[in-house]
2 protein chains.
Amino acid sequence: MTKKSALQKARASYQPKLPSALWGAVKAVEGAPTESVANQTEIKSLFPTTYGLPVLTFEKNTVSKVSAPINVGVILSGGQAPGGHNVISGLFDGIKAINKDSRLYGFLMGPGGFVDHKYIELTAKIIDDYRNTGGFDIIGSGRTKLEKVEQFDKGLEILKELNIKALVIIGGDDSNTNAAILAEYYKANNAGVQVIGCPKTIDGDLKNEMIETSFGFDTATKVYSEVIGNIQRDCNSAKKYWHFIKLMGRSASHIALECALQTQPNYCIISEEVEQKNMTLADIVNDIANVIAKRAANGNNFGTVLIPEGLIEFIPAMKKLIAELNDMLAANTQFASLDRAAQREFVLNNLSADNAAIFASLPEGVARQLTLDRDPHGNVQVSLIETEKLLSEMIGKRLAEMKAAGEYVGKFSPLHHFFGYEGRCADPSNFDADYCYALGYNAAQLINCGATGYMSSVRNLSKPSVQWIAGGIPITMMMNMERRNGEMKPVIQKALVRLDGKPFLKFAENREKWAIDTCYTYPGPIQYFGPAEVCDQTSRTLYYEHNSK
Amino acid sequence: MTKKSALQKARASYQPKLPSALWGAVKAVEGAPTESVANQTEIKSLFPTTYGLPVLTFEKNTVSKVSAPINVGVILSGGQAPGGHNVISGLFDGIKAINKDSRLYGFLMGPGGFVDHKYIELTAKIIDDYRNTGGFDIIGSGRTKLEKVEQFDKGLEILKELNIKALVIIGGDDSNTNAAILAEYYKANNAGVQVIGCPKTIDGDLKNEMIETSFGFDTATKVYSEVIGNIQRDCNSAKKYWHFIKLMGRSASHIALECALQTQPNYCIISEEVEQKNMTLADIVNDIANVIAKRAANGNNFGTVLIPEGLIEFIPAMKKLIAELNDMLAANTQFASLDRAAQREFVLNNLSADNAAIFASLPEGVARQLTLDRDPHGNVQVSLIETEKLLSEMIGKRLAEMKAAGEYVGKFSPLHHFFGYEGRCADPSNFDADYCYALGYNAAQLINCGATGYMSSVRNLSKPSVQWIAGGIPITMMMNMERRNGEMKPVIQKALVRLDGKPFLKFAENREKWAIDTCYTYPGPIQYFGPAEVCDQTSRTLYYEHNSK
């Protein structure tokens, strides 16, 4: 058993603040029927019984009716995010408020535990041990994808055995997509089990008009901003290093953008902009090298660069190169038997001219990495590429050229960092503690009013929590058809950074100044007990998206 | 200009707590004459005017005399440590309390600014902007060594020009050694300038009976423990990775030990133990591999390993190998012109048999690293060796052997982290904020009573700050003679981890349990506003060293 820290003990008694609509008995107010964001005909045909459902909004009810006890199952799906334990404790308190004899079962280590019938009952004692803590360790998480009918049927056996009437799936876009498919399947087959999703991911790419943010993003970006701020203070004290800081978030650059807004670094790459402007790796390298040269001209041979983990896949030229490499290597099984030099030779001779030129321009180690380590689907594992080192190496070469041409006078000493695991299981900020608890408590209300195929939704989040709006959003409403592994599938649209969105515009408006001047901000660690302006600040992304200023 | 964060604004008004002896007028009580820790004859002859001085202890004075204004200079020397700004603000408030017309000058970018006459006056406005903040950015720091008579004379010019009567040097063991030499030089030459040192280093290796801890250690280890705790929570949620976490601290393992006591990882290497037990790299690898195998046998294919940055230099066999490589490569200038394979061949053929065997056993990349990148003195730059990757690679191989022999059944997926720059400039914990402010304020009192060649000393630190004992310790008292770059020099004895000390014994007593069970503790981020048991906890090292429990 783990030993509780002083902070954990003190924080255990924090009572998350619920939206006022959820303070007592509620009634669900139905909106108009909904449509999916695109491909309405296809989505409707794939979700015949759960398509077009109305948005639900909870309001206070003057009459409170007695409800029967309800057994609920819960699954944590995919990567960790701060606040998962509060979703579960909110759900627990919610179903106990409905009827004290309700029971909550947790499936172990993700969807796999559901399929394999591995579970525990989550009692008050267990729940109390995990309130307001980070991590998913209460029941563990896993990456098994819940997408096959056999899995649904196998899972149903244990639901029946435990008399579970509703399943809450806490996950990202893919897991919520699968929650919608499962909801449809159980409803179409009269299984008698409702399915509710909860929006989780530190990446921040599960959001839309009705889901203002996924949980965990707030806390994780605050932890990253804490350490980035500390590094910047070090950088500004020693004045001799350039820090290249890679940040988790493969598909979207929300994390990098949020951290940039919090810490005001000298440079931050936004993958979505790289893609939109069709930038090459050389363009990015030149752009950063120019900033370094300008700072050096002012005597400042130090700085910070934030790099989104997924960058490589957003550079159109790299994407093409990787695609050609994937096909080439899949078709040439003798490749693995060649020696190192022969492999490089082979690749250079067999790539198209454009791609061969890009391949040749990469540092040899990185180029080699692109030809190794295929995943089971034959794809390059881009997450293994140390983009932060790739960039600093190429920038070092570019600066040497500039120095030879008299365009740069200075010293360039790079240091590298990657932050991801440091923030996914942090103790939730007040925002995430409240938001997650509300999402879980709200999920219990959705269950109680019979909803299925809905995502728990708490919005108006830039306002104090009492003013938050609670309800449910039909998951099909967020879906469109996308090609995945060669097949068209119904999926929740991933929210990438919008280049016309206020967070990006705020960044774009300031970045030239941040590049040349030293405008670092040092947010410091998350505070749980101090003044509200310190403890209750939302993410800058949420703030700019929902405030006119 | 940097933009203040909400926390910085709220934290600016924190009033550090002083020891009660420093609340008003003080009198210095002299102890008996002191002796150096060793080599008394040599040290005495090198410090004729500053050897044997008494320990000074400040007590409340019933009479308060009016003192003349005094101009003081301050230097930040070496690596950053949380709290440096509070030493300076304490010093500022201290000399202003002595006489409001006193002035404080800060030399820029370390000792170099002193020699080159680069400085600013630190006014109340500047000081107020930096109270309770991390970083050394108020005047910057640098690594120039202040050790030559010409530097002392050059510095004296600016001291005379600014009418500075005392210089405060904030630094680690080397910087304080140099402060003692400077104090002796100025005193012996009747320069009329006192020199006072302040014990700074996150490494925690500047301590002794009278200096209970260096400042910054408390905060830095709390930041590292925060992120280690977060990683452990992630590790215990996903249950699929082994995290290899390298921690700054080249000469001693205090940081790793403190973080282990705070977070209870599955394994923590203590360099001093490796050296004392004459362990080889293979011994360490086998030991960790055995822990991994035991955990795997219980179904736990995850864990955490803490690694002190300086490990390699503490492994006796590696030390010998590196020494022979240094000599061999210095004597063979044609080595650089050989190609990669020929270089390896050359090294293997020319090393002694024992060392050749060790060289051959290393992963090729690391072996190669040992033959590259000499520093200007011809030494291997061990800090460039990615020990965390070296270990995980060797452990992976060892586990494969064990698997083949039927001694291990499991999956081994390693991840790597290095924490250093993340903690050196964090906002100081309450402990460091108070301790540093007291060290600075106390330095002003030492100056006022005419002391030179003293280190500012605040002790009894495991008690509440009002009970702290303030005074001065003759720096010569901490010195002995050691060989440095081939010459015997007077230096402050470095405090390594004592294997018979309570912090290590506490660790040793628990580590077998921590290895096999999962006993992680999650300290969470430093709190500045909450309950005392959360905000005012000292480091575990300090606690165990000064409490019988």
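Along its principal axes, what span do the Cα atoms of the protein assembly as shown show, with the longest given first and each in whole Å?
96, 73, 58
When every alpha-carbon pair in region A:90-217 is counted, what percent end up more than 25 Å apart? List each step's numbers first, then the result.
Details: 2022 of 8128 pairs.
Value for region A:90-217: 25 percent of Cα pairs lie more than 25 Å apart.
Please list, or write none, the lysines whose alpha carbon is within less than 20 Å of the alpha carbon of A:Lys154, excluding same-chain residues fewer than 8 places away.
A:Lys118, A:Lys145, A:Lys165, A:Lys187
Just tell me which aspartates and glutamates come within less than 15 Å, Cα to Cα, of B:Lys494; anything on the same chain fewer than 8 places away is out.
Qualifying aspartates and glutamates at Cα under 15 Å: B:Asp173, B:Asp174, B:Asp203, B:Asp205, B:Glu209, B:Glu212, B:Glu272, B:Glu482.
Every other copy gets compared here: list the nm distances from the B:Glu161 label point (7 Å along Cα to Cβ) to its counterparts, shortest first, one decimal.
List, nearest first: 8.4 nm.
Can you list the residues of region A:215-252 with backbone N under 16 Å from a point 7 Å past the Cα of A:Lys411, pointing along Cα to Cβ?
A:235-243
At B:Asp500, label 7 Å along Cα→Cβ: distances to the other copies, nm, ascending?
Distances between equivalent label points, in nm: 7.5.
Specify the inter-centroid distance of region A:227-283 and region B:502-527, based on alpha-carbon positions, in whole Å.
34
Assign unit charges at the C-beta atoms only (+1 for Lys and Arg, -1 for Asp and Glu), then state the dipole size of chain B relative to its Cα centre in Debye, rounded to the nearest 20.
Working: 58 positive and 60 negative charges, 231 e Å.
Charge dipole of chain B: 1100 debye, to the nearest 20.
If you roll a 1.4 angstrom probe over the protein chains with everything in place, what fraction of the accessible area of region B:26-134 belongs to carbon and sulfur, to the nearest %? If you can, show how the numbers build up before the last one.
Values: 2500 of 4640 Å².
Exposed carbon and sulfur together represent 54 percent of the surface.
Amide H neighbours of B:Ser413 under 5 Å, counting only residues 5+ apart in sequence or on other chains, H built in-plane at 1.01 Å?
Those qualifying (amide H under 5 Å, at least 5 residues apart or on another chain) are B:Trp242.
Please compute the volume of the convex hull spanned by the alpha-carbon atoms of chain B and report it per residue in Å³. Could you put the intermediate results ahead of the total?
On the way: hull volume 93.2 nm³, N = 549.
Hull volume normalised by residue count: 170 Å³.
List the residues, sorted by chain then number, that are 5 or more residues from B:Cys268 or on another chain and whose placed amide H is less than 5 Å from its amide H.
For B:Cys268, the qualifying residues are B:Leu306.
Carbon and sulfur together cover what percent of the accessible area of region B:277-426 at a 1.4 Å probe radius? Walk me through the numbers on the way to the answer.
Working: 3390 of 6720 Å².
Roughly 51 percent, rounded to a whole number.
So what are the radius of gyration and Dmax for the Cα set of region A:322-481, in Å?
25.2, 72
Per residue, how much accessible surface does region B:161-287 expose to a 1.4 Å probe? Answer in Å², no decimals.
On the way: 2890 Å² over 127 residues.
Each residue of region B:161-287 exposes 23 Å² on average to a 1.4 Å probe.
Please state the charge dipole magnitude for region A:147-281, taken about the Cα centre, from unit charges on C-beta atoms (+1 on K and R, -1 on D and E), reported in debye and rounded to the nearest 20.
Working: 14 positive and 19 negative charges, 97 e Å.
It comes to approximately 460 debye.
What ranking, highest mean first, results for peptides B:205-215, A:115-125 when packing means the other Cβ atoms within 10 Å averaged over each residue? Provide the component values of the computation, followed by the final result.
On the way: B:205-215: 22.4, A:115-125: 14.9.
Packing order, densest peptide first, comes out as B:205-215, A:115-125.
How far apart, in nanometres, would the label points at B:Asp153 and A:Glu487 be if each is projected 7 angstrom from Cα along the Cα-to-Cβ direction?
Each label point lies 7 Å from its Cα, and together they span 8.5 nm.
What would the Debye formula give as log10 I(q)/I(0) at q = 0.09, 0.14, 0.15 Å⁻¹ for the alpha-carbon point model of region A:444-549, no solvent?
-0.42, -0.91, -0.99
So what is the accessible area of region A:309-356 per residue, in Å², with the probe set to 1.4 Å?
Numbers: 2480 Å² over 48 residues.
So region A:309-356 comes to 52 Å² accessible per residue, rounded to a whole number.
Which entries in the list B:Lys27/B:Lys463; B:Lys125/B:Lys246; A:Lys4/A:Lys239; A:Lys160/B:Lys294 go over 28 Å, if you measure between the two C-alpha atoms of each?
Values: B:Lys27/B:Lys463 22 Å; B:Lys125/B:Lys246 39 Å; A:Lys4/A:Lys239 39 Å; A:Lys160/B:Lys294 38 Å.
In this structure, B:Lys125/B:Lys246; A:Lys4/A:Lys239; A:Lys160/B:Lys294 exceed 28 Å between Cα atoms.
Subtract the Cα-Cα distance of A:Val63 and A:Thr49 from 0.36 nm times their separation in residues, and report this length gain in nm to one decimal. Working shown, then result.
Working: separation 14, 0.36 × 14 = 5.04 nm, distance 3.04 nm.
Separation in residues times 0.36 nm, less the Cα-Cα distance, equals 2.0 nm.
From the label point of A:Gly486, set 7 Å along Cα to the beta carbon, how far off in nm is each other copy's matching point, shortest first?
6.8
Give the calculated FRET efficiency between A:Lys494 and B:Ser352 to the nearest 0.05, with a Förster radius of 56 Å applied to their Cβ-Cβ distance.
After rounding, the FRET efficiency stands at 0.40.
In region A:2-37, what residues drop by 50 Å² or more in accessible surface going from the chain by itself to the full protein assembly, probe 1.4 Å?
Residues passing the criterion (a loss of at least 50 Å², heavy atoms only) are A:Thr2, A:Lys3, A:Ala6, A:Leu7.
What are the ³J(HN,Hα) couplings of region B:100-109, residue after residue, when phi is run through the Karplus curve with 6.51, -1.76, 1.60 and θ = phi - 60°? Round to Hz, x for glycine and proline.
5, 8, 5, 10, 10, 10, x, 7, 8, 6
Rounded to the nearest Å, what's the spacing between the alpha carbon centres of region A:114-169 and region B:12-39? Just the number, please.
59
Determine ³J(HN,Hα), in whole Hz, for all residues of region B:175-180 in sequence, where each value follows from phi through the Karplus function 6.51 cos²θ - 1.76 cosθ + 1.60 and θ = phi - 60°; x replaces Gly and Pro.
Values, residue by residue: 5, 6, 4, 5, 4, 5 Hz.
Compute the distance from the alpha-carbon center of region B:287-335 to that of region A:398-461, in whole Å.
Cα centroid of region B:287-335 versus Cα centroid of region A:398-461: 35 Å apart.
With +1 on each Lys and Arg Cβ and -1 on each Asp and Glu Cβ, and nothing else charged, work out how big the dipole of the protein assembly as shown is about its Cα centre, in Debye to the nearest 20. Let's see the in-between values first.
Values: 116 positive and 120 negative charges, 379 e Å.
Dipole about the Cα centre, nearest 20: 1820 debye.
At a 1.4 Å probe, which residues in region A:413-427 are at least 40 Å² less accessible with all protein chains present than in their chain isolated?
At a threshold of 40 Å² (probe 1.4 Å), the residues of region A:413-427 that become less exposed are A:Tyr421, A:Glu422, A:Cys425.
Identify the trypsin sites (Lys or Arg not before Pro) of region B:255-335 meeting these criteria: DSSP loop state and at most 13 other C-beta atoms within 10 Å of the C-beta. Walk me through the numbers before you get to the answer.
Details: sites: B:Lys277, B:Lys294, B:Arg295, B:Lys319, B:Lys320; in loops: B:Lys277.
Passing sites in region B:255-335 are B:Lys277.
Taking the solvent-accessible surface of protein heavy atoms with a 1.4 Å probe, what is the per residue accessible area of region B:1-157 in Å²? Display every interim value, and only then the final one.
On the way: 7020 Å² over 157 residues.
I get 45 Å² per residue for this part.
In square angstrom and rounded to 100, what buried accessible area do you get between chains A and B, total over both, with the probe at 1.4 Å? Spell out each step's value before the answer.
Details: alone 23100 and 23100 Å², together 41360 Å².
When A and B are taken together, about 4800 Å² of accessible area is lost.
Checking the cross-link filter: which aspartates and glutamates have an alpha carbon closer than 17 Å to that of A:Lys60, excluding same-chain neighbours under 8 positions apart?
A:Glu30
A:Ala400 to A:Lys100: extension gain in nm, 0.36 nm per residue of separation minus the Cα-Cα distance? Intermediate results must be reported in sequence, preceding the final value.
Working: separation 300, 0.36 × 300 = 108.00 nm, distance 7.05 nm.
Full-extension gain reported as 100.9 nm.
Which three semi-axes in whole Å describe the equivalent ellipsoid of region B:36-160, each the square root of 5 times a Cα gyration tensor eigenvalue, listed largest first? It would help to have the intermediate numbers written out before the result.
Working: eigenvalues 134, 104, 50 Å².
Its equivalent ellipsoid spans semi-axes of 26, 23, 16 Å.
Give me the inter-chain shielding for B:528-540: mean count of other chain Cβ atoms within 10 Å, whole number please. Intermediate values should be presented prior to the final figure.
Working: counts 6, 7, 8, 5, 1, 4, 9, 4, 1, 3, 0, 0, 0.
Mean partner-chain Cβ count within 10 Å for B:528-540: 4.
Which ³J(HN,Hα) values, rounded to whole Hz and listed in residue order, are derived for region B:358-365 from phi using the Karplus coefficients 6.51, -1.76 and 1.60 in 6.51 cos²θ - 1.76 cosθ + 1.60 with θ = phi - 60°, glycine and proline given as x?
5, 4, 5, 7, 7, x, 4, x
Find the chain B residue whose Cβ sits closest to the rotation axis that carries B onto A, and give that distance in whole Å.
B:Pro525, 2
Scan around A:Ala166 for amide H atoms under 5 Å from its own, H built in the peptide plane at 1.01 Å from N, and keep only partners 5 or more places away or cross-chain.
Amide H to amide H, under 5 Å and 5 or more residues apart or across chains, A:Ala166 pairs with A:Gly73, A:Gln194.
Mind giving me the nanometre distance, one decimal, between the label points for A:Gln467 and B:Asn190, set 7 Å out from Cα along Cα→Cβ?
7.5
The values are calculated or read from the model by the stated rules, or taken from the named source; none is laboratory data. Please read these numbers as outputs of a predicted model, since none were measured by experiment. All Cβ positions, glycine included, derive from the backbone under ideal geometry; neighbour counts span all protein chains shown. Keep in mind that these areas ignore ligands, DNA and RNA; they rest on the heavy atoms of the full protein, side chains included. Shrake-Rupley method; radii C 1.70, N 1.55, O 1.52, S 1.80 Å.
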